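J.: First the structure, which I've put down as structure tokens, then a few questions once you've had a look.
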Amino acid sequence: MRKFKVGITIEADTTETVKQVGNLIQNAVDKVEQEDIIKLLTKVAKNPKIVKTALRYI
């Protein structure tokens, strides 16, 4: 099976924030099934406000 890589750019006020976001994204990609990540990000793309709502319940 062929593997593909994706690069992203993270902009923030501090390098610590960039590192933290990068590490958290990599951790999620490593530990969560790809289909679930696709479902989650699709819902967030359609309705970004859903994140704040979801965080209230976590």
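The values are calculated or read from the model by the stated rules, or taken from the named source; none is laboratory data. These numbers come from a predicted model, not from an experiment. Cβ: placed from backbone, ideal geometry, glycine included. Neighbour counts: every protein chain shown. For accessibility, only protein heavy atoms count, side chains too; no ligands or nucleic acids. Shrake-Rupley method; radii C 1.70, N 1.55, O 1.52, S 1.80 Å.
J.: What number of residues within region 11-42 are outside any helix (DSSP H, G or I) and either at pLDDT below 95 or of a type in the set (Ser, Thr, Tyr) (or both)? First the steps, then the outcome.
T.: Let us first name the residues in region 11-42 that are outside any helix (DSSP H, G or I), namely 11-14, 32-33.
Now restrict to residues that are either at pLDDT below 95 or of a type in the set (Ser, Thr, Tyr) (or both): 14.
The number of residues fulfilling the criteria is 1.
J.: Looking at 58, 8, which is the one that is without any contact (Cβ under 8 Å) to a residue 24 or more places away in the chain, open to solvent by 100 Å² or more (accessible area, probe 1.4 Å) and within 13 Å of the chain's Cα centre (by Cα)?
T.: On the way: 58 fails: within 13 Å of the chain's Cα centre (by Cα).
Testing whether each residue is without any contact (Cβ under 8 Å) to a residue 24 or more places away in the chain, open to solvent by 100 Å² or more (accessible area, probe 1.4 Å) and within 13 Å of the chain's Cα centre (by Cα) leaves just 8.
J.: Assess whether residue 3 counts as being of a type in the set (Lys, Arg) and surrounded by 10 or more Cβ atoms within 10 Å (Cβ to Cβ).
T.: Working: of a type in the set (Lys, Arg): yes; surrounded by 10 or more Cβ atoms within 10 Å (Cβ to Cβ): no.
Criteria not met by residue 3.
J.: Just the residues that are open to solvent by 70 Å² or more (accessible area, probe 1.4 Å) and farther than 20 Å from residue 7 by Cβ, please, taken from region 37-46. Full working, then the answer.
T.: From region 37-46, those open to solvent by 70 Å² or more (accessible area, probe 1.4 Å) are 38-41, 43, 45-46; that's our starting set.
Passing the criteria: 39, 40, 43, 46.
J.: Looking at the structure I just gave you, is residue 45 at negative phi, in a loop (DSSP other than H, G, I, E, B) and modelled with pLDDT of 95 or more? Working first, answer last.
T.: Details: at negative phi: yes; in a loop (DSSP other than H, G, I, E, B): no; modelled with pLDDT of 95 or more: yes.
So residue 45 fails the test.
J.: Could you list, in sequence order, all residues of region 12-34 that are loosely packed, with under 10 Cβ neighbours inside 10 Å and under 13 Å from the mean Cα position of the chain (by Cα)? Talk me through it step by step, then tell me what you get.
T.: Pass one, region 12-34, residues loosely packed, with under 10 Cβ neighbours inside 10 Å: 13-16, 30-31, 33-34.
Within region 12-34, 30, 31, 33, 34 qualify.
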